[in-house]
Structure formats: structure tokens, C-alpha cells
1. Can you pull out the residues in region 67-77 that are surrounded by fewer than 23 Cβ atoms within 10 Å (Cβ to Cβ) and within 24 Å of G151 (Cα to Cα)?
2. Cβ contacts < 7 Å: first residue closer than 21 Å to I253 by Cα, restricted to region 214-230; second residue aromatic (F, W, Y), any location; separation 6+ or different chain. Result?
3. Under the condition of being surrounded by 10 or more Cβ atoms within 10 Å (Cβ to Cβ) and of a type in the set (G, A, S), which residue from region 94-119 is farthest from the chain's Cα centre (by Cα)?
4. If you scan region 48-66, which residues turn out to be among the β-branched types (V, I, T), touching a residue at least 12 places away in the same chain (Cβ under 8 Å) and surrounded by 14 or more Cβ atoms within 10 Å (Cβ to Cβ)?
5. Within region 235-255, how many residues turn out to be β-branched (V, I, T) and surrounded by 13 or more Cβ atoms within 10 Å (Cβ to Cβ)?
6. Being farther than 30 Å from L131 by Cβ, assigned to a helix (DSSP H, G or I), within 28 Å of the chain's Cα centre (by Cα) and not hydrophobic (A, V, I, L, M, F, W, C) is the requirement here; does P150 meet it?
7. Considering A75, A126, which residue is under 20 Å from the mean Cα position of the chain (by Cα) and either among the hydrophobic types (A, V, I, L, M, F, W, C) or at pLDDT 90 or above (or both)?
8. Return yes when F187 is surrounded by 14 or more Cβ atoms within 10 Å (Cβ to Cβ), closer than 16 Å to V100 by Cα and within 20 Å of the chain's Cα centre (by Cα) and no when it is not.
Amino acid sequence: MHKYDKMKKILLYIALICIAIVAIFPFFYILMASFRSNMEIFEYALPFNWKTLIPQEWTLSNYINIFKEFNYGTALRNTLIVVVVQVPIILLLSSLGGFVFAFFDFKGKTVLFAICLISFMVPTDAIALPLYDMISDFGLVNTYWGMILPGAASGLSMFLFTQFFKEIPKSLLEAARVDGASWLQIFVKIVMPLSVPVTITAGLMAFVSEWNNFFWPLLVARKEEIRTLQVALSYFSDENEVFFSYIFAGAAISAVVPVLLFLPLQKYFVQGISSSGVKG
């Protein structure tokens, strides 16, 4: 039995290592390709060997050129502005909505909550045209607010907050009410300090979603000075050539920011998901 358990553990580790390699390989390839010239990428593409993965002549010119020739720094700044403004708005609205759904009873609550759940199941493509018409009527095309406002209300984030808040004992809130605390004070001083895991989880999900957003910024922010990272990547070409080496360099920069943000917060992310999505 002991040998069986040991073999089972070894097989489990082998499976986990294989899964890790499959998951990490695309990022590793992109990172390595970002230090190669466009010609070298195609020269060693086939047959597949170690030269396909490891640059033969390392260069930083791709990173330099995307910032000098394609204004990638402007796209990076625009994306940071959008996520830094949008994520706190999402967290505020979602936490307030989750607080109401978790602790208050009112007519039509179930139906309204169901509508909120349905909202994050509808793909952006399905509502893009009427949403664009509305943003255009408000004069927000080619503005930061045109990218921020449509995603400011997140049904998924509100669902996570609602499920997490349901785990907070109502007796704690009732005691605070007896002591004279207002609902706003309860929300700010009691509920939110207890909700760090779900706040980080919802914040990370909102950050990654907007950071990787392509379709809506492409539609509503067409001017070069307002483009975001993912849209800027699609412009790394000219009339005669697609600069794949530039695309790899831009993609590497685009990927490293969410990874660096996620790694130190992954414990809270898992805790927030498990508390919000499984219980209640």
C-alpha cells in the first residue's frame, strides 16, 4: 500500500509538471521571440529544435522600436489610465450592489439579481452596436470615458461580492445597528474590512479583463493617441510586412504586468473565489 501511494504521488507530480510546461511554453516562446529579429524567427521556425526557442543573436531593438516608431508607451499609458480608473469604480458599484442583495429584502429582489447575473453572460459583441450608438450620442467616442463607463458595472463582480457577504453573520450587523451605526458605517467599517479576499479577486478579474480587452477599445477608441495596448499590437505592420518580432515584444510587455500583479495576490484570489463561488 505504501508503494502504491508513493507511485500515485510520483504520477501526480509528473502530470502537474507536464501541465505546467504546457501552460508556460507559449509565454516562454513569446518572451524568447521578442529578443529575435523578424528574419531569425522564420529562419529557425522549422524544423522544430532548440534553435526555434533560443535566440541565436539576442537583440533589444524590438523593444526600442515599438516605443520609438509605434508609440507603444502611449498605448501603455492609455491602458493604465483606463484600468486605474475603471477597476475602483467596478469595486465600488459591485460591493454596494452585493451589500444590498446580501443584507436587504425588497420586492423583485430575485428577478433583479437574475438580471444582473444574465448581464455578464451576454457577450460584448451582441450589444456592441447599440452600446456604441449610446456612447456616440454622449459624445464619448475616442475618449477615456468611452472605454471606462460601459464596463463600470460588472455583474460577475457583484455576484462574487453578494456570495461572499452572505457568509458574514447578520448578528454582527445587527449588533452594530443596536450601537447606533448607520448602514453606510457598517458597510465601510465592518463589511469591507472583512472582504479583502473577494475585493482582491474581483479587482484582479476586472483588471485582467480590461487589460486584455480588444474589441471595445478597437471600436470606440480609433485615434492613435487614445489606443490601448491590445489595439496597438494590431498595428505593428506596414504595407509590405507584418513585424512579428515587434508583436512578440509588445505581447511580452502586455503579459508581464498581469503576471507580476497576480503572483503576490494569488492566495487571496483563490480564497476569494472559493468563498464567493462555492459557498452560499
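The values are calculated or read from the model by the stated rules, or taken from the named source; none is laboratory data. None of the values given here were measured: they were computed from a predicted structure. A quick note on method: Cβ atoms are made from the backbone with ideal geometry, for glycine too, and the neighbour counts reach across all protein chains shown.
1. Within region 67-77, G73, T74, L76, R77 qualify.
2. If the second residue must be aromatic (F, W, Y), the pairs left are Q230/F214.
3. Per the stated criteria, the residue is A102.
4. Start the filter on region 48-66 by keeping residues that are among the β-branched types (V, I, T), which leaves 52, 54, 59, 64, 66.
If we keep only those that are touching a residue at least 12 places away in the same chain (Cβ under 8 Å) as well, we get 54, 59, 66.
Once the filter is applied, which keeps residues that are among the β-branched types (V, I, T), touching a residue at least 12 places away in the same chain (Cβ under 8 Å) and surrounded by 14 or more Cβ atoms within 10 Å (Cβ to Cβ), region 48-66 yields T59, I66.
5. Total meeting the criteria: 2.
6. Spelling it out, it is not the case that P150 is farther than 30 Å from L131 by Cβ, assigned to a helix (DSSP H, G or I), within 28 Å of the chain's Cα centre (by Cα) and not hydrophobic (A, V, I, L, M, F, W, C).
7. Exactly one of A75, A126 is under 20 Å from the mean Cα position of the chain (by Cα) and either among the hydrophobic types (A, V, I, L, M, F, W, C) or at pLDDT 90 or above (or both), namely A75.
8. Working: surrounded by 14 or more Cβ atoms within 10 Å (Cβ to Cβ): yes; closer than 16 Å to V100 by Cα: yes; within 20 Å of the chain's Cα centre (by Cα): no.
Here the answer is no, as F187 does not meet what is asked.
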